[in-house]
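Input: a single structure, listed below in structure tokens.
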């Protein structure tokens, strides 16, 4: 938006076209630093945001200039989280505390983040692709009339300095590079588990308070907030993930996978059809493009066929072993070890073997 | 109650594993894959049609696509939508989400006053989940996505949006834009009668001359995000076969898991 407005002004004073482009480039060059939206959920900074601060540090090193990693907190009484952000690598923290921001609303949070971006002029903005972030990122991008690449699987800075975002399409079957050449900031949303957080190091830094007028939409109000009663273990914390596909066949059979995961001290993950069938009651267990991306030490896939939208969420796993009766199941191509067999006998034998070794 | 529903024709997601990338031209080939209504857009249509059945009014379908996609839009009319707007112009080709939402917003404004705009939360092909909130921004209407529950009270709606670790329910005075997930309802099937009736329903075509989107944000040229190269994800591993009796196989798997650091 700002770029556009400036351009119009230059046209208004009848500068030559060459001048116009130069000023436009200067305008682009006035954007520096990498801003990470630090999401607070349940009075804690989301792991996803901490991972992005790590990624921002990696990009900063590639930029090789005096860029800063700025973390932006938005909410009510969120400034207190600044030490966590410094500890995980933020150079500067901006805190926007306002009672109106107590509960997330797309209108108010969009205004808040857009205002912070207008003030700090970051060249890159990273937002976690959480439920909240998936809405906040496009809302903010539209308010700023700039570009956003969704659910990036990798971020790169090319030799010529061009920031490049890699995004999946067709359920991860195709990966495409995205550039945002003429608009700033360049915004990217990234799921949990794709990038890595830095090791925590006690560190101090400057916290800047930020505030602006928040208008919001007066037709919108929060009726109620509900928290999930059970806190389900996140797959990102599990060293071993036992994943079942629709080939498992029934909820009864599924319980065996739960036992197997227990014996391995791991967690259960699933594909979309398993979640839809209700064999597992945990949305966070769904792995793939529309679910979570995981990188456990070991992935054990059982009766998983391996559609692209699932496999793109497991590719960074340490070890991948899969069992499927179909010799041509695509999962095998991205497995370290494959077992071509009816899974039932193997799972029974695995449970037996693990019990014997305990 | 006039409701606009945005519908995207996409290659059927059941066949995505058949999509091939030409390593030389760096283009993708989707030949032979049928085009269908993007899955969540059917949930958007169902939500709109059931609200209309209760509160009266009409449901209009908006699709930005080449003219060849008419058949897919007829499916939406067959489900029970009342009229269709196909927004089609070479000038719109290559639009990213900001440009697409700008164009859709202009078409919706042109077509009349709508109380509610419903979209699928994301499309099957691109899955960016960006068009719905950006449409809200261009239309300057309040917007909510990740909707798992939607109730219409005439002048307002109550929507429940899924959040990480819970949900938030909002009440919003209309007009508004919502993006729905598959939790919101179960879409009805298209009947033969529905398809027969669809042929009688108004089918409008908008070109670039008919609508007035922000001219700075249309088509590839007006898209902040520009596509670069494409590739297949590199995921190949050695795929070593483990054979033997179930006991032998189990032993080997557990050995490998232990070696990988699982205890």
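Each value in this text was obtained by applying a stated rule to the coordinates, not by laboratory testing. Just so it is clear, the structure is predicted and the values come from calculations on it, not from any experiment. All Cβ positions, glycine included, derive from the backbone under ideal geometry; neighbour counts span all protein chains shown.
Quick rundown of the values:
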| item | result |
| --- | --- |
| Shielding by other protein chains, A:112-123, mean Cβ within 10 Å | 0 |
| Prolate/oblate/rounded label for chain B (Cα gyration tensor, a/c 1.5) | prolate |
| Antiparallel bridge percentage (DSSP; both residues within the protein assembly as shown; nearest 5) | 35 percent |
| Extension gain (nm, one decimal) between residue A:162 and residue A:259, 0.36 nm per residue minus Cα-Cα | 30.0 nm |
| 10 Å-binned pair-distance histogram of region A:168-213 (Cα, whole percent) | 14, 26, 36, 19, 5 |
| Angle in degrees between helix B:97-111 and the longest Cα principal axis of chain B, rounded to the nearest 10 | 30 degrees |
| Residue A:204 paired with residue B:210, simple spin-label distance in nm, labels 7 Å along Cα-to-beta-carbon | 6.5 nm |
| Spin-label zone in region A:232-259 - amide nitrogen under 20 Å from a point set 7 Å from the Cα of residue A:352 along the C-beta vector | A:253-259 |
| Whole-Å distance, taken between Cα centres, linking region A:134-169 and region A:241-317 | 29 Å |
| Peptide A:314-321 - average C-beta neighbours from other chains (10 Å radius) | 4 |
| Efficiency of FRET from Cβ geometry, residue A:182 and residue B:241, R₀ 56 Å, rounded to 0.05 | 0.60 |
| Gain upon complete extension [residue B:255, residue B:153; 0.36 nm per residue less C-alpha separation] | 30.7 nm |
| Nitroxide proxy distance, nm - points 7 Å out along Cα→Cβ at residue A:218 and residue A:340 | 7.0 nm |
| Kirkwood hydrodynamic radius of region A:235-357, Cα pairs, Å | 13.9 Å |
| Principal-axis tilt of helix A:2-12 within chain A, Cα atoms, nearest 10 degrees | 30 degrees |
| Rough spin-label spacing in nm, given labels placed 7 Å along Cα→Cβ, for residue B:200 and residue A:66 | 7.4 nm |
| Gyration tensor verdict on the protein assembly as shown (Cα atoms; rounded if a/c is under 1.5, prolate if a/b is larger than b/c, oblate otherwise) | oblate |
| Between 0 and 90°, nearest 10: helix B:70-79 axis offset from chain B longest Cα axis | 80 degrees |
